[in-house]
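**Student:** The following block contains the structure, expressed as structure tokens.
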Amino acid sequence: MTEAPVTGKVRSDTKRNRKHLIRAAGELFATMDGPINMVDLARHAEISTATAYRHFNSVADVLTAYRYDVGLQLSEYSQKLTINGLPLLEAVSLKWVLLVVKNGAAMVHTRSPEGYLARLRQRPAYLQVQADALDRPLREAAAELGLDELGDEAMFLWNILFDPREIFDLIDTLGLSPAQASARLMATFKGALGGWAAGKKAG
């Protein structure tokens, strides 16, 4: 007996359920303080737990997909910009801050115990899409500042400063606006790039 073909409706339902699970993660992590499990996500997405597990093995996997979607938005924004150099990096960095604020606590819960450089060099999709967004801005900013290209090390420095947890800290604790937070982080990042490049030359 041959299997029934996959219909357009089935594919549509699959995409919709996946999208609802990812959105549910963002909404729940923004409003709940305690631990969240797949049953919680499925209930909030209004699908069965079994269906949820057909898409993701764990809450961590859902959050990884969530972070990928946010990174994709940043990458698409970056690629559309026609400005160059430091203004380009400033625009992309501000967009990231705004995305972090918009997407709330789910951005913080995607943290990993493994170091950023180690994860970046494994090229997981959710980090690669963010790296793609920052590749040209970082290269052109370094060139405008008269610095040698630092590659992944520039991404490492940017990630330290533009970590979602630290962005929320600046906004919630110091009362900075997203634009103010981004401007201060950018000013600090430029200094960090110069210091790191000088340190590399010094050995």
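**Student:** How big is D, in µm² s⁻¹, for the stretch 17-124 by Stokes-Einstein at 25 °C and 0.890 mPa s if Rh is the Kirkwood radius over C-alpha pairs?
**Tutor:** 162 µm²/s
**Student:** Related question: Please compute P(r) over all alpha-carbon pairs of the stretch 65-127, binned at 10 Å starting from zero, and give each bin as a whole-number percent.
**Tutor:** Spelled out bin by bin, the stretch 65-127 gives 19, 46, 32, 3 percent.
**Student:** Tell me which DSSP H helices of the chain clear both cut-offs, 24 Å or more of axial length from alpha-carbon atoms and a mean Kyte-Doolittle hydropathy of at least -1.0.
**Tutor:** Helices meeting the criterion: 8-31, 59-80, 85-103, 125-144, 178-202.
**Student:** Based on Cβ point charges of +1 for Lys and Arg and -1 for Asp and Glu, what charge dipole magnitude is obtained for the chain about its Cα centre, in debye rounded to the nearest 20? Each step should come with its number before you reach the end.
**Tutor:** Numbers: 24 positive and 23 negative charges, 93 e Å.
The calculated dipole for the chain is roughly 440 debye.
**Student:** Next question, about the same structure. Count of lysine pairs in the chain with Cα atoms under 28 Å apart, counting only pairs 8 or more residues apart in sequence or on different chains?
**Tutor:** For the chain, qualifying lysine pairs total 14.
**Student:** A further question follows. State the volume of the convex hull built on the alpha-carbon positions of the chain, expressed per residue in Å³ and rounded to an integer.
**Tutor:** It is 157 Å³ per residue.
**Student:** Can you find, among Thr31, Ala91, Ala187, the residue sitting farthest towards the positive end of the charge dipole of the chain, where Lys and Arg contribute +1 and Asp and Glu -1 at Cβ?
**Tutor:** It is Thr31.
**Student:** If you don't mind, another one. Counting only Cα atoms, I'd like the Rg/Rh figure for the stretch 8-55, Kirkwood definition for Rh.
**Tutor:** Ratio value, two decimals: 1.01.
**Student:** What number, rounded to the nearest 500 deg cm²/dmol, is the helix-based mean residue ellipticity at 222 nm of the chain, given -39500 (n - 2.57) per DSSP H run of at least four residues and division by all its residues?
**Tutor:** -25000 deg cm²/dmol
**Student:** Need the full-extension length gain, Ser58 to Trp196, defined as separation in residues times 0.36 nm minus the C-alpha distance. One decimal, nm.
**Tutor:** 45.9 nm
Readers should treat all values here as calculations from the given coordinates under stated rules, not as data from a laboratory. Worth saying up front: this structure is predicted, and the values here are computed from it rather than measured. Positions of Cβ are generated from backbone atoms using ideal geometry, with glycine treated the same way; all protein chains shown enter the neighbour counts.
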